[in-house]
Amino acid sequence: MTRVFGILGHPIGHSLSPIMHAAALKAAQLEGFYAPFDVPPRLLPPVVAGLAAAGIDGLNVTVPHKTRIARCLASPHDVDDTAARLGAVNTLVRRGHRLVGCNTDVEGFRQALRHELKMTGEGARVLLIGAGGAARAVGWALQEAGAEAIWVLNRTPSRAEQLRRWLRPHAGTTAVRVVSGRADAAKVAAAADLVVNATSLGLHAGDPLPLDPAWLRQGVSVFDLVYRAPTTALVRAARRRGALAADGVAMLVYQGAESFRLWWDRPAPVAVMRQAVEEALRRPRRGGS
Ligand SMILES: NC(=O)c1ccc[n+]([C@@H]2O[C@H](COP(=O)([O-])OP(=O)(O)OC[C@H]3O[C@@H](n4cnc5c(N)ncnc54)[C@H](OP(=O)(O)O)[C@@H]3O)[C@@H](O)[C@H]2O)c1
């Protein structure tokens, strides 16, 4: 029987997940179907209830629903540990009659870091730019990996402080502090082993860079969660400074691959998924998970 999957978001037309998962299903020769659902926030509870009752096998969840979807499940406690800690769900998996919320962004970042920049984050001093949902997943992955320090820089300092407070109780031996002011940012950027852009700067042509590339020392690793074809301005600038840099394509692919694994209980055809995403990005402008 054909199994049915999809993605819930608003808007959703820009999402690359349908293309990526269609390619995966075809390559793995699985009888499955993956559809985009454009769901405004007020319709989220009835749509989730309807899809669950109709027997949908799994869903991805994207902006703006990641933090609200748990409340639409049969029980708000139907979430795995990572999703509960992050307060964000990006994947729903059918378990019997219930849909269970999971978060594959943490694993997506972890795998992307390992494959693209050949590092785990263990012992690393990290400048984390941004303090939204994605920064939270990145901070969580890095403190779990045993980063030495996470320095949080954000346009709105109070949100950086919120992220610091949220990370601190889980941080183990990782030192977490907020970066304030340009001189401090330049100092920590020069001392960092890894710089992560988890802001939305770079999504649009003409966006300013999230930091001054002159602050980057040669050999530093830079991971930009944003992705564009052929790559982002930050990645290009970082490479010109002699940094090892990667954009967010790999994270998109690995979070999707982890969803696929949860749904099908088998490894995803990652290379095929990546190729589908890269081809789609080369077509007129698209972006978002
Ligand atoms: N590659 C992937 O798989 C993947 C996965 C998840 C997210 N992402 C990308 O990560 C980015 C952040 O996503 P999110 O879910 O964390 O979004 P979010 O919760 O809305 O947070 C947005 C972040 O960007 C900052 N920001 C927005 N506009 C800015 C500007 N003009 N100048 C400086 N900072 C600005 C915000 O700062 P304030 O706090 O000051 O508003 C905040 O830190 C997005 O581009 C998203 O596409 C990629």
* **Charge dipole (the chain, unit charges on Cβ, about Cα centre) - positive-most of HIS115, SER158, ASN60** => SER158
* Near LYS26, which aspartates and glutamates are there with a Cα under 20 Å away, not counting those fewer than 8 places off in the same chain? -> ASP57, GLU258, ASP265, GLU278, GLU279
* Fewest to most neighbouring Cβ within 10 Å: what's the order for LYS118, LYS66? -> LYS118, LYS66
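Dipole of segment 118-247, Cα-centred, from +1 at each Lys and Arg C-beta and -1 at each Asp and Glu C-beta, to the nearest 20 debye? Display every interim value, and only then the final one.
On the way: 17 positive and 10 negative charges, 43 e Å.
Approximately 200 debye in magnitude.
Answer rounded, prolate or oblate for segment 84-162, using the Cα gyration tensor with square roots of eigenvalues a ≥ b ≥ c: rounded when a/c is under 1.5, else prolate when a/b is larger than b/c, else oblate. Working shown, then result.
Working: a/c = 2.71, a/b = 1.45, b/c = 1.87.
It is oblate, given that a/c is not under 1.5 and a/b is not larger than b/c.
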* Asked: Against the longest principal axis of the chain, how steep is helix 44-53, in degrees 0 to 90 to the nearest 10, with axes from Cα atoms?
  -> 50
* Calculated FRET efficiency for the pair ARG155/ALA27, C-beta based, R₀ 35 Å, to 0.05 -> 0.30
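Write down the percent of antiparallel bridges among all DSSP beta bridges whose residues are both part of the chain, to the nearest 5. Could the numbers behind the result be given before it?
Working: 8 of 40 bridges.
Antiparallel bridges: around 20 percent, rounded to the nearest 5.
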* Calculate I(q)/I(0) for the chain by the Debye formula, one identical point scatterer on each C-alpha and no solvent, and give its log10 at q = 0.11, 0.15 Å⁻¹ to two decimals. => -0.63, -1.14
* Given H placed 1.01 Å from N in the peptide plane, which residues other than close sequence neighbours of LEU99 have an amide H under 5 Å from its amide H? -> ALA74
* **Evaluated over segment 147-289, the Cα radius of gyration and Dmax, each in Å** => 16.7, 49
* Once you have the Kirkwood Rh of segment 25-78 from its Cα pairs, apply Stokes-Einstein at 4 °C and 1.567 mPa s and quote D in µm²/s. => 104
* Calculate how steeply helix 133-145 sits against the longest principal axis of the alpha-carbon atoms of the chain, using the helix alpha-carbon long axis, and give the answer as 0 to 90 degrees to the nearest 10. => 70
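Under a Cβ-only charge scheme (Lys and Arg +1, Asp and Glu -1), can you give me the dipole magnitude of the chain about the Cα centre, in debye to the nearest 20? Intermediate values should be presented prior to the final figure.
On the way: 36 positive and 23 negative charges, 103 e Å.
The dipole magnitude comes to about 500 debye.
A short reminder: the numbers here are calculations on the coordinates, not readings from a lab. All values reported here derive from a predicted model rather than from experimental measurement. Here the Cβ is made from the backbone with ideal geometry for all residues, glycine too, and neighbour counts use every protein chain on show.
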